[in-house]
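Single-structure report; data block below.
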Amino acid sequence: MDQDILFRVIIVGDTGVGKSCLLLRFSENSFNEQHNVTIGVEFGSKAIEIGSTSIKLQIWDTAGQESFRSITRSFYRRADGVLLVYDATAKHTFENCKYWLDEIRQNSASDVVVYLVANQIDLIATGGENREISTEEGLEFAKKNNLGGFQETSARSGINVQEAFTEFCTILFNRWKEHKDVQTIERPKIDLKPVVKPKKKRRCYILYNLYILEIRFFHAKFIFS
Ligand SMILES: Nc1nc2c(ncn2[C@@H]2O[C@H](COP(=O)(O)OP(=O)(O)OP(=O)(O)O)[C@@H](O)[C@H]2O)c(=O)[nH]1
Ligand SMILES: [Mg+2]
């Protein structure tokens, strides 16, 4: 059955890793050479087809600069997934992923899906001189921290950008389907017995006690008479 589904995702990571460019490449298939620092949070959206299902991704592109951290924090709570981005040619941006992951764990829903992206791989020459983080290191970080997936991308050339978003969206979709099934199974388990009004119960209890008291009184009268 065709159905429209909406997922909210948030893009986080250090300033300059290419978060806004990844969103631009994914949503409009273009690239910006300038680093237009994101102020707070910017918004984008795009529909993806997975099988016969149309999925709308609502994407919040956050500022990597420290001064905006308190603003971006408030966006984690409602996100279904987080795209955590680092620059494969800048080691410090990979090292800071530990910090970003702590932020995600502290501020997001407990079942949020985190997908790791190593961007700017076009800068890595054939010999790999510019590379500061290997593919294996990225994969290991994703595995160790139980992340949903990992992809090396280039917002400039476009390599693996659609693939990363599609895989990320597929993970969210599969999880959504699992949750949907759980709900269908769980629903009949709901106890629909009518609630006994405590007042009535108390009244019955009082009547019962009066009845016992009367029997005792009758017995006492019988014994002492
Ligand atoms: N070579 C190359 N440059 C890139 C790539 N992605 C982004 N850039 C460049 O990196 C710079 C920063 O890109 P942005 O997308 O603005 O970075 P950001 O992560 O959004 O930064 P903040 O908004 O400050 O958090 C820009 O000059 C981009 O042109 C890429 O894949 N390859
Ligand atoms: Mg930006």
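The values are calculated or read from the model by the stated rules, or taken from the named source; none is laboratory data. From a predicted model like this one, the values you see are computed outputs, not experimental measurements. Note that each Cβ is placed from the backbone with ideal geometry, even for glycine, and that neighbours are counted across all protein chains shown.
Laid out as a table, the results:
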{"quantity": "Sole exception among (1) hydroxyl-bearing (Ser, Thr, Tyr); (2) away from ligand 2 (no atom under 14 Å from the Cβ); (3) in a helix (DSSP H, G or I) for THR89, by number", "calculated": "(3)"}
{"quantity": "In the stretch 72-91, residue farthest from ALA155 (Cα to Cα) [restricted to those that are in contact with a Ser or Thr (Cβ under 9 Å, 6 or more places away or on another chain) and within 12 Å of ligand 1 (Cβ to nearest atom)]", "calculated": "THR72"}
{"quantity": "Residue count for the stretch 11-23, restricted to those that are in a loop (DSSP other than H, G, I, E, B) and more than 6 Å from ligand 1 (Cβ to nearest atom)", "calculated": "1"}
{"quantity": "Residues being more than 20 Å from the chain's Cα centre (by Cα), over 21 Å from LYS177 (Cα atoms), away from ligand 2 (no atom under 12 Å from the Cβ) and among the polar types (S, T, N, Q) - total across the stretch 28-85", "calculated": "3"}
{"quantity": "Matching residues in the stretch 124-146 - criterion: being of a type in the set (A, V, I, L, M) and modelled with pLDDT under 95", "calculated": "ILE124, ALA125"}
{"quantity": "Matching residues in the stretch 1-43 - criterion: being basic (Lys, Arg) and within 19 Å of TYR86 (Cα to Cα)", "calculated": "LYS19, ARG25"}
{"quantity": "Qualifying residue in the stretch 199-222 (condition: crowded, with 16+ Cβ neighbours inside 10 Å, of a type in the set (A, V, I, L, M, F, W, C) and either modelled with pLDDT under 95 or at negative phi (or both))", "calculated": "no"}
{"quantity": "Any hit, the stretch 172-192, residues being under 27 Å from VAL82 (Cβ atoms), in contact with a Leu (Cβ under 7 Å, 6 or more places away or on another chain), modelled with pLDDT of 95 or more and surrounded by 15 or more Cβ atoms within 10 Å (Cβ to Cβ)", "calculated": "no"}
{"quantity": "Residue pairs meeting the criteria (Cβ under 9 Å; at least 6 apart or on separate chains; first in a loop (DSSP other than H, G, I, E, B), in the stretch 115-130; second surrounded by fewer than 15 Cβ atoms within 10 Å (Cβ to Cβ))", "calculated": "GLN120/ASN130; ILE124/ASN130; GLY128/SER134"}
{"quantity": "From the options PHE94, PHE31, residue that is under 25 Å from ILE159 (Cα atoms), near ligand 1 (Cβ under 10 Å from one of its atoms) and aromatic (Phe, Trp, Tyr)", "calculated": "PHE31"}
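Yes/no matrix, rows are residues, columns are (1) part of a helix (DSSP H, G or I); (2) of a type in the set (Gly, Ala, Ser); (3) over 25 Å from ARG131 (Cα atoms):
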| residue | (1), (2), (3) |
| --- | --- |
| ARG25 | yes, no, no |
| GLU33 | no, no, no |
| ASN36 | no, no, no |
| SER45 | no, yes, yes |
| LYS56 | no, no, yes |
| ALA79 | no, yes, yes |
| ILE104 | yes, no, yes |
